[in-house]
Amino acid sequence: MTTATPRRVGTAAQRMRTGWFGAWLARPLASFHLVVAIAVLLTVLGLVMVLSASSVEAYAGGASVYSLFIQQAMFAALGAVLFYIALRVPMRVMRQLSFPAFALSLVLLVLVLIPGIGTEVQGSRRWFDLGVVSVQPSEIVKITLVVWGSHLLASRQTEKAGYKDILMPLVPAGLLVCFLVVLEPNLSTTIALGIVLTALLWFGGLPLRMFVTIAVSGGVAAAILALSAGYRSDRMRAFFSPGSDPQGIGYQARQAMYSLADGGIWGRGLGQSRAKWSYLPNAHNDFIFAIIGEELGFLGCALVLGLFALFVYTGLRIATRSVDPFIRLLTASATCWITGQALINVGYVVGLLPVTGLQLPLVSAGGSSLAITLLMFGIIANAARHEPEAVAALHAGQDGRFSRMLRLPIPEMYSPARARAARAKAKAKTKATAKPKVKPSPPKRALPSGRGRGGGQPRRSIDSDSARRSTRGEPRSSRSTEAWRGTRAWEPNYPMKHARDRGNSR
């Protein structure tokens, strides 16, 4: 009795200090609910603002004021279906399908460049026109690159691979994707793909000196691309000298600043924007953040930035609390991609960056971007359900009303032993299907009594520990080749063990 009372007092005092939000964050499924709530709030806000920003231009063009809003709502419904599918797909299946999906997205990037197959709009060939909707393959390749790159690097991390094993074949594949997107041309999506590749290399454990070299090379390449085309060089010139052509190339950025200033603290009111009356081009798409600032004021902009900040916290929280290296890489890289794209959009609207055309995720008009981003949010929500505390709570029957309503499957607990067994099985399958390169030698005569020559110790198998240690003297190239064969990108294998479990698995 005397020892229990201070413990209860300390717990109550701790709850008073943390508050109700801290107590709610300590719940096992808090990350999952945060991801779902952020996705819903940003999507609903985007639908409302797209309706407000596009109604005037749609009516002036002879269409219904709800035309673009209906199209955006259709893609939001498609994104909700993709979100739900991503919640139900096991991580093991996701890793199995990562390379085929990435290869298919590469094929789509090639097909969209062919005249007659891809649709050209305003000088760019980026879309497949399917009649009712248009699909942009460059948006699909973002998510396939994140998933496949995370699977590849998670497999390499378990082998303590060098930087060459980290770079190959991820960097050549990423550069090929960027090259195909540049041919469309689409510099803004190329920047987003560069963010994805950079995040994968950073969280994949690339040495700092190599990372700095690649980052500088990417910056130089982006600068060359920005100055190579006429319209891109005009944007750079307008950024560095905004007052040189206020009615020409600098008109859009200038009107966005006027729209933000007109909103003030409280805003003019929902639907009361004056910039959308043909004063601000692409108000519903690239510059929708300016319309938010004008109609909802500084508080509306702070709400949007606060939701993305909460998403950063939630994504990194999932990455740090997960024990599966694949989930850690996937969640952290996807968080950097979505947040980086949002910061670039807000940056050029407020005048801190040159205009690039990157959309504000889940808010700007754009069907393919909305559906693909919701699919990525669904994958992150699925990763949140794989946190150790969440898996334990789900197996204990504490799945909650929301999970029971959606009939979501209970995820499996990550086990280093099971991952090691799956990896060994995949390697055995690879060796069994590989063709022998040399003619097998005839069987030798068995030695008497199972002993070697001279009556020494029995022979050890070639797969024994001593045989493995004897390969340490081999050249690094042969070891790298063996590592590549053992961790092929299309093999469904799990990493061996996480750092947290190394002390407990012996």
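The values are calculated or read from the model by the stated rules, or taken from the named source; none is laboratory data. Since we're looking at a predicted model, the values are computed, not measured. Neighbour counts are summed over all protein chains in view; Cβ atoms, including those assigned to glycine, are modelled from backbone coordinates with ideal geometry. SASA here: full protein model, heavy atoms, side chains in, ligands and nucleic acids out. Shrake-Rupley method; radii C 1.70, N 1.55, O 1.52, S 1.80 Å.
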With a 1.4 angstrom probe the carbon and sulfur portion of accessible area for the stretch 143-220, in percent, totals 75
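Around V112, under 14 Å between beta carbons, what's the net of Lys plus Arg minus Asp minus Glu among the other residues?
Details: positive: R125, R126; negative: E120, D129, E139, E184.
My count for the surroundings of V112 gives -2.
I want to verify the translational diffusion coefficient of the stretch 307-373 in µm²/s; compute it with Stokes-Einstein, Rh as the Kirkwood radius over Cα pairs, at 4 °C and 1.567 mPa s. Show your work: numbers first, answer last.
On the way: Rh = 12.9 Å.
So the translational diffusion coefficient is about 100 µm²/s.
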Expressed in square angstrom to the nearest 10, the accessible area of C301 with a 1.4 Å probe stands at 20
With every protein chain kept in place and a 1.4 Å probe, the stretch 226-280 has an accessible area per residue in Å² of 63
Of every Cα-Cα pair in the stretch 66-179, the percentage lying beyond 22 Å is 47
For E295, E389, E412, the accessible-area ranking with a 1.4 Å probe, largest leading, is E412, E389, E295
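If Lys and Arg each add +1 and Asp and Glu each add -1, what is the summed charge of the other residues whose beta carbon sits under 14 Å from the beta carbon of I291?
Details: positive: R268, R274, K276; negative: E57, D262, D286, E294, E295.
The answer is -2.
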Computed from the beta carbon distance with a Förster radius of 30 Å, FRET efficiency for F211 and T119 to the nearest 0.05 stands at 0.20
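Hey, any idea what % of the stretch 265-305's accessible area is carbon plus sulfur with a 1.4 Å probe? Don't skip to the end; give the middle numbers.
Numbers: 1230 of 1940 Å².
Carbon and sulfur together cover 64 percent of it.
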Given backbone amide H placed at 1.01 Å from N, residues whose amide H is under 5 Å from that of G250, ignoring those fewer than 5 places away on the same chain, are D245
Taking N as the residue count of the stretch 267-420, its alpha carbon Rg divided by 2.2 N^0.38 Å gives 1.29
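Could you state, as a whole-number percent, how many of the C-alpha pairs of the stretch 109-169 are farther apart than 14 Å?
Numbers: 1197 of 1830 pairs.
In whole percent, the share of Cα-Cα pairs in the stretch 109-169 beyond 14 Å is 65.
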Subtracting the Cα-Cα distance of V107 and V312 from 0.36 nm times their residue separation yields 70.6 nm
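So between F21 and V171, what do we pick up on full extension, going 0.36 nm a residue minus the alpha carbon distance? All intermediate terms of the calculation are to be shown ahead of the outcome.
Numbers: separation 150, 0.36 × 150 = 54.00 nm, distance 4.15 nm.
Full-extension gain reported as 49.8 nm.
Based only on the alpha carbon positions, what is the Kirkwood hydrodynamic radius of the stretch 177-290, in angstrom? Present the calculation step by step, with values, prior to reporting the outcome.
On the way: mean 1/r = 0.0595 Å⁻¹.
Averaging 1/r across every pair of different Cα atoms and inverting gives 16.8 Å.
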Rounded to the nearest 10 Å², the 1.4 Å probe accessible area of L183 is 90
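Quick check: at a probe of 1.4 Å, how many percent of the accessible area of the stretch 340-406 sits on carbon and sulfur atoms?
On the way: 1320 of 2080 Å².
About 64 percent, which is the carbon plus sulfur part of the accessible surface.
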Env charge @ G46, Cβ radius under 14 Å, K,R +1 / D,E -1, value -2
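What's the Cα-based Rg to Rh of the stretch 128-237, Rh via Kirkwood?
Values: Rg = 15.7 Å, Rh = 15.2 Å.
In the stretch 128-237, Rg relative to Rh is 1.03.
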Accessible-area order for I249, I380, largest to smallest, probe 1.4 angstrom, reads I249, I380
Counting only backbone N atoms under 18 Å from a point 7 Å out along Cα-to-Cβ of A60, the residues of the stretch 292-322 in range are 292, 294-295
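Using a probe radius of 1.4 Å on heavy atoms only, what accessible surface per residue do you get for the stretch 311-357? Whole Å² is fine.
Averaged over the residues of the stretch 311-357, the accessible area is 26 Å².
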Diffusion coefficient in µm²/s returned for the stretch 162-218 by Stokes-Einstein, Kirkwood Rh over C-alpha pairs, 20 °C and 1.002 mPa s, is 184
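To the nearest µm²/s, what D does Stokes-Einstein give for the stretch 243-295 at 20 °C and 1.002 mPa s, using the Kirkwood radius over alpha carbon pairs as Rh?
Numbers: Rh = 10.9 Å.
Diffusion coefficient, whole number: 196 µm²/s.
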